[in-house]
Amino acid sequence: MKEKRLSLRLSAKRMYALQVYAASKEKSITAVIEDWIDSFNSEKVRSSSTNDSN
């Protein structure tokens, strides 16, 4: 798979919070963001199963 690059602007306060969070999880910032993106699919599955039971 060809990797893509993402660039974004964050306030210094948010960048610091992200760095602290990543360090507390012993992960890189990239890994934290990838985990967050991967959770989108899990949320969709949970949401779909909730809607199916109604």
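The values are calculated or read from the model by the stated rules, or taken from the named source; none is laboratory data. The structure presented is a predicted model; accordingly, all values stated were derived computationally and were not measured. Because the Cβ atoms are built from the backbone with ideal geometry, glycine has one as well, and the counts that use them run over all protein chains shown.
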*Show the residue pairs that are 6+ apart or on different chains and have beta-carbon atoms under 8 Å apart, the first residue being within the range 1-20 and surrounded by 10 or more Cβ atoms within 10 Å (Cβ to Cβ), the second being outside any loop (DSSP other than H, G, I, E, B) and not aromatic (Phe, Trp, Tyr).*
Leu10/Leu18; Leu18/Ile29; Leu18/Val32; Gln19/Ile29
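Each row is one residue, and each column tells you yes or no for (1) modelled with pLDDT of 85 or more; (2) part of a helix (DSSP H, G or I); (3) among the aromatic types (Phe, Trp, Tyr).
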{"site": "Tyr21", "(1), (2), (3)": "yes, yes, yes"}
{"site": "Glu34", "(1), (2), (3)": "yes, yes, no"}
{"site": "Ile37", "(1), (2), (3)": "yes, yes, no"}
{"site": "Ser49", "(1), (2), (3)": "no, yes, no"}
